[in-house]
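The values are calculated or read from the model by the stated rules, or taken from the named source; none is laboratory data. No experiment lies behind these values; they were computed from the predicted model shown. Backbone-built Cβ (ideal geometry, glycine too); neighbour counts: all protein chains shown.
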Amino acid sequence: MIPRLLVAGVFLGAGLLKLQDPQAVADGIAAFQIVPDILINPLALSVPFFEVATAVALLSRSTWSAGALAAGGLSLVFFVLFATALARGMDVHCACFGKWEILQVSAPAGLVRSLVLLAASLWVFRQGAVNK
Amino acid sequence: MTGIARDLTLIAVAAAASVALGLLTNRLRPHPLPLVYRGPEARLMGNLPPRPPTAPEPETIGFAEAWQAWTDGNARFVDARASDFFEEGHIPGAVNLPRELLTEGGAQPELLGKSQPLIVYCSGEDCEDSLLVAKGLLALGYLNVTVFPGGWEEWEAKGGAAEK
């Protein structure tokens with residue numbers, strides 16, 4: 001229960017904060033220098049809604065395994081982004097929580113945070129599968 | 001439908017709805033994002049008059065020269081950081097000109113004459129806003145624009161004067 005709420009809280013906060021400033025999110029995505037320009041703005045506009053939907057799904061008894069799967073997928077994408085940035089010697093500060101600089105972390109910290117979120121999401125998904 | 005297939009279907013529906021909502025709400029924003037991403041420099045320059053091909057690139061100066069210019073009082077310092085940081089402390093006499101002011105409104109900064117020496121700075125070596133604002137000022141016709149890349153961090157670390 002607690003991991004599920006924590007993961008939901010992180011994605012709800014991240015989604016709502018990103019919605020306030022899509023330009024900052026787009027600049028954050030561009031900073032990784034891996035996503036083509038034509039995809040950056042559509043991603044910056046839609047990922048926050050997907051994160052909010054993920055959080056809502058995690059909070060609902062009938063959809064939480066789908067929410068956990070989506071949270072795991074997003075965390076895996078974030079993990080790959082940070083890992084490839086570090087492998088290229090870049091220290092990217094992501095706009096994972098929009099323009100809130102206090103929540104912007106360096107690439108190594110972002111990598112660890114993504115890994116923790118991935119592990120928690122998979123744990124929640126497994127709990128959902130066991131309880132079905 | 002198996003559990004995993006149902007989950008994947010839900011995720012696909014949520015993803016499609018998110019794209020639709022994202023694009024729809026973007027159209028309702030006062031400053032919608034264009035479909036194709038433009039970097040900070042392209043956005044800044046897009047709101048300014050085109051730079052003549054002969055326009056010079058802004059030169060850079062170190063702390064010693066910046067300090068000398070400040071003590072001589074013949075240059076105007078331009079702080080390119082966000083207003084929150086400017087209010088926490090800045091070089092005395094500096095005018096705050098965040099790049100958003102040039103980017104979003106195409107604002108004409110209220111600076112001194114076009115030939116007045118201007119020294120633009122931001123947080124420090126890692127920020128690019130001083131260079132962007134300097135290029136923007138050159139595009140607006142300011143003739144004597146230099147960048148102090150060490151910025152506020154170096155100024156503060158080396159004991160430069162400050163005001164709030």
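Every residue, every condition in (1) surrounded by fewer than 16 Cβ atoms within 10 Å (Cβ to Cβ); (2) at pLDDT 90 or above, yes or no:
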{"position": "A:ALA68", "(1), (2)": "no, yes"}
{"position": "A:GLY72", "(1), (2)": "no, yes"}
{"position": "A:VAL77", "(1), (2)": "yes, yes"}
{"position": "A:THR84", "(1), (2)": "yes, yes"}
{"position": "A:GLY98", "(1), (2)": "no, no"}
{"position": "A:ALA107", "(1), (2)": "no, no"}
{"position": "A:VAL116", "(1), (2)": "yes, yes"}
Go through B:GLY73, B:GLY46 for me and flag whichever is at pLDDT below 95 and within 14 Å of chain A (Cβ to nearest Cβ). B:GLY46
Picked from segment B:1-16 (must be closer than 14 Å to A:VAL47 by Cα and within 7 Å of chain A (Cβ to nearest Cβ)), the residue surrounded by the fewest Cβ atoms within 10 Å (Cβ to Cβ) is B:ALA15
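What helices (runs of 4 or more DSSP H), lying completely within segment A:1-106, carry at least 1 residues that are within 26 Å of B:ASP84 (Cα to Cα) and of a type in the set (Gly, Ala, Ser)? Walk me through it before giving the result.
Values: elements: A:2-20, A:22-31, A:37-59, A:64-87.
Fully inside segment A:1-106 and qualifying: A:2-20, A:22-31, A:37-59.
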When only residues in segment B:18-38 that are hydrophobic (A, V, I, L, M, F, W, C) and facing chain A (nearest Cβ under 7 Å) count, which is nearest to A:ILE34 (Cα to Cα)? B:VAL36
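Of all the residues that make up segment A:40-80, how many are over 11 Å from the mean Cα position of the chain (by Cα) and more than 8 Å from chain B (Cβ to nearest Cβ)? Walk me through how you get there before you give the answer.
Pass one, segment A:40-80, residues over 11 Å from the mean Cα position of the chain (by Cα): A:40-46, A:49, A:53, A:56-69, A:80.
Add one more test, that the residue is more than 8 Å from chain B (Cβ to nearest Cβ), and what stays is A:43, A:56, A:58-62, A:64, A:67-68, A:80.
Result for segment A:40-80: 11.
Quick one: in segment B:49-70, which of the residues that are at pLDDT below 85 and of a type in the set (D, E, K, R) is farthest from B:LYS135 (Cα to Cα)?
Within segment B:49-70, the first condition is being at pLDDT below 85, and the residues that meet it are B:49-57.
Remaining after also requiring of a type in the set (D, E, K, R): B:51, B:57.
On the way: B:ARG51: 9, B:GLU57: 7 Å.
Going through the qualifying residues, I end up with B:ARG51.
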B:LEU111 - would you say it is modelled with pLDDT under 85, aliphatic (A, V, I, L, M) and surrounded by 22 or more Cβ atoms within 10 Å (Cβ to Cβ)? no
Under 8 Å between Cβ atoms, at least 6 apart or on separate chains: pull out the pairs that start in segment A:17-35 with a residue that is within 11 Å of chain B (Cβ to nearest Cβ) and end on any residue that is assigned to a helix (DSSP H, G or I) and among the aromatic types (Phe, Trp, Tyr). A:LEU19/A:PHE49
